[in-house]
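Worksheet for the structure shown next.
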Amino acid sequence: MSACEMKRVSIRPRNPNPLFEKWLIQWIDQAPIGEDSKINFLRALKSLRLYPLPLKSGRECRILKGFNLRLCALLDEKLNKYKANGSSKEEQIISPITIDEEITHQETVLNITDKSSKSYVPKYRSGAYAILIALYGQSKLEDYPGYLLKADIIKHGKDFLDSSFTKPEPGSRYTAWSSMATLISKRLVSKVSNPAKFSLTDEGRILAEKLYEQTKRLELDSSQLVNSKTNNKVSYEVAHAGVATNEPENFIIDLEDDNSDGEPKAGHIQVSYGTSRLLSENVVSDSENGSNNQKKRLLSKFASTDTISSCSVTRPNKKQKTGSVKMSSASSVKKALSSQSSSTQLNNHHINPGTAPQIHFILKPNSFDIVLYVDKNETSGSLNVKDDNLLRELDKSGVKYEVKDLKVGDFTWTCRDRSNQNELVLPYIIERKRMDDFAQSIKDRRYYEQKFRLKKSGIENLIYLIENYGNNKNLCLPIESLRQAATNTAIQENFSIKFTNDYKDTAEYLVNFTDILEIMFKSKTLASCDKKNMLPVDINSDLVSLMIFQEFNLASMKSKKMTVSDLFVKMLIQIRGMSVERALAIIQQYPSPYLLKEAYESNDSESVNEKLLAAIKFATGKKIGPALSKIVFRFFCKLQY
């Protein structure tokens with residue numbers, strides 16, 4: 001197999017939930033024909049068979065269509081009896097189903113290496129890694145006394161660490177210093193005397209020297225590239241032949257596609273969470289050409305207005321001044337973005353004078369500052385930098401930011417005129433969710449309203465940032481379901497999705513995003529534009545129309561005075577399977593619940609009413625479909641639906 005050939009065999013359970021399926025079939029057979037319970041069991045069985053992941057309890061089935069609280073309780077009761085009888089293993093039928101050519105040959109070879117033959121190599125920027133780097137770095141100094149105390153190691157190692165030597169991570173009782181016991185047990189570090197004096201053994205010095213040299217190469221490359229922390233981690237691991245890269249997690253996401261014949265069909269989209277794609281695209285290269293290609297790839301992601309993948313960025317070197325993303329000139333940026341096509345040109349030559357937006361003011365190139373705005377609700381209730389972790393990280397980076405009362409979203413950027421403080425909002429907005437809040441927002445339906453308000457904001461590029469919290473345990477929904485929800489939002493609603501490890505990773509992303517926006521917009525002429533006249537932004541144009549910040553913020557304010565149509569949309573999107581686009585298409589024909597109810601009452605046939613909305617087309621040209629039309633009819637005209 002050649003070095004560039006890519007192949008992966010994914011193994012997926014053909015029947016991931018055999019017990020639940022077996023019991024549902026039994027209940028279907030026992031239920032009398034025509035009973036509602038039989039129909040509910042059939043609907044639940046169909047939904048279960050489409051779900052590709054194992055479910056550990058009846059409670060977890062609640063995320064699937066057709067599983068109400070009563071049915072979930074019945075499954076839990078049956079499962080408890082099953083376990084009480086001494087049967088703890090579920091029957092599993094495993095069959096290789098998919099072959100996906102995505103992982104490089106290098107990764108495959110590393111993954112099949114016998115783990116028992118590998119020497120110990122600590123994880124990049126872990127506690128053990130930082131300790132070894134600190135000990136080796138100080139041992140190279142002329143005045144090195146032959147050992148370091150604990151306080152010295154913490155002082156010199158904290159810059160090579162993602163966590164803390166003194167504070168445990170959320171959900172854990174261990175600090176980064178706990179790794180010292182592992183290093184001592186593996187005879188990489190020796191400990192003598194009281195107070196303890198630590199030094200490297202011969203084996204530890206050999207390993208630490210390799211890590212130290214590799215770290216220097218990574219820092220040199222990261223000053224030229226804009227990659228994510230994950231990318232650096234991958235590069236570090238691949239560089240050591242003794243370390244296998246982690247297999248990506250594969251999830252099969254069911255997307256309901258409209259089917260004019262009946263129930264929506266489930267299409268399978270395979271999404272890999274992990275490092276396989278990064279290995280093939282973003283392994284750090286020492287060549288200058290490789291670095292330039294990385295920049296072009298990253299910048300082109302921002303230039304495209306219809307991308308659904310998030311942009312990965314990385315932590316700048318702490319000794320380096322913020323804004324480490326450097327290009328030789330503005331023409332270099334233009335060249336890097338020249339390959340991007342745009343559906344709309346904003347040059348005056350391409351605008352129809354009859355439809356040209358009204359311009360209130362213009363910001364000339366290099367006459368404005370790009371400022372990151374942070375919503376005040378994202379600051380732990382305090383405007384004091386010392387009291388908020390995220391603000392503290394932003395303050396360290398030196399990025400220009402302000403805390404504002406944003407009416408929609410959690411982060412956005414403005415271009416502020418240095419002379420008169422006029423502000424235009426850039427076409428990027430971020431909604432930030434910690435994983436536990438993300439799960440809760442889906443459960444209480446806030447998730448759908450927030451996405452609706454973001455879409456109505458007038459901002460073109462919508463980004464959903466999901467931040468891990470501890471080990472992501474004790475969530476109210478399974479982690480697989482949350483990833484599925486995020487992926488559906490990306491694919492179906494054109495959001496960009498970004499996962500971060502913690503608040504530090506989030507701060508990195510914001511800092512590097514700001515750097516790239518400065519590269520993209522600082523040399524352009526910016527013209528103010530009303531929200532109603534906004535055109536898609538063409539990043540290749542020298543003239544860009546942007547919304548006035550004050551108008552954006554006022555228009556996004558939650559209004560107590562709502563029209564009937566606005567309220568009707570909010571009602572409709574609470575129905576499972578009803579997207580904002582579908583709801584807006586329905587109110588085009590039936591602007592109020594009264595008019596829809598009146599349309600139902602004008603027909604005597606229930607079957608006609610069930611298909612009343614089926615032929616309505618929404619944004620993508622697809623039809624609402626009979627399945628969703630039937631649900632809406634039952635919602636408005638039946639006591640139960």
>> As an exercise, use a Förster radius of 45 Å and the Cβ-Cβ distance of Lys56 and Lys150 to find the FRET efficiency, rounded to the nearest 0.05.
In response: 0.60
> Taking a spot 7 Å from the Cα of Met571 along the direction of its beta carbon, which residues of region 604-638 have an amide N less than 15 Å from it?
Replying inline: 632-638
> How far apart, in nm, are the 7 Å Cα→Cβ label points at Leu554 and Asp202?
Replying inline: 7.7
> Going down the table (Lys400/Lys455; Lys504/Lys524; Lys570/Lys623; Lys150/Lys186; Lys407/Lys630; Lys451/Lys498), which pairs top 25 Å between alpha carbons?
Replying inline: Lys400/Lys455; Lys504/Lys524; Lys407/Lys630
> Can you give me the Cα centroid spacing of region 507-579 and region 35-88 in angstrom?
Replying inline: 42
>> Taking the beta-carbon count within 10 Å as an exposure proxy, list Glu393, Glu209 from fewest neighbours to most.
In response: Glu209, Glu393
>> Within 9 Å, Cβ to Cβ, of Ile616, how many net charges do the neighbouring residues add up to if Lys/Arg are +1 and Asp/Glu are -1?
In response: +3
>> I'm a student and want to see the number: the projected area of the Cα convex hull of region 17-91, averaged over all directions, in nm².
In response: 4.8
> Going by how many other Cβ atoms sit within 10 Å of their own, how do Val408, Val403 line up, fewest first?
Replying inline: Val403, Val408
> In nm, what is the difference between 0.36 nm times the number of residues separating Asn474 and Val564 and their Cα-Cα distance?
Replying inline: 28.5 nm
> Order of Leu517, Leu69, Leu149 from fewest to most other C-beta atoms within 10 Å?
Replying inline: Leu69, Leu149, Leu517
> Expressed in nm to one decimal, what extension gain is obtained for the pair Gln30 and Lys65 from 0.36 nm per residue of sequence separation less their Cα-Cα distance?
Replying inline: 10.5 nm
> If you average the sequence gap of Cα pairs under 8 Å that are 6 or more apart and divide by the length of region 421-504, what percent do you get for the contact order?
Replying inline: 37
> Taking the Cβ-Cβ separation of Asp405 and Glu142 as r and a Förster radius of 45 Å, what is the calculated FRET efficiency to the nearest 0.05?
Replying inline: 0.25
> Taking the Cβ-Cβ separation of Ile184 and Asp369 as r and a Förster radius of 45 Å, what is the calculated FRET efficiency to the nearest 0.05?
Replying inline: 0.30
> What are the semi-axes of the equivalent ellipsoid for region 429-583, taken as the square roots of 5 times the Cα gyration tensor eigenvalues, largest first, in whole Å?
Replying inline: 28, 24, 13
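FYI, it's all coordinate maths here, none of it is from the lab. If you're wondering where the values come from, they're calculated on a predicted model, not measured in any experiment. Note that we place each Cβ from the backbone using ideal geometry, even for glycine, and neighbour counts take in every protein chain shown.
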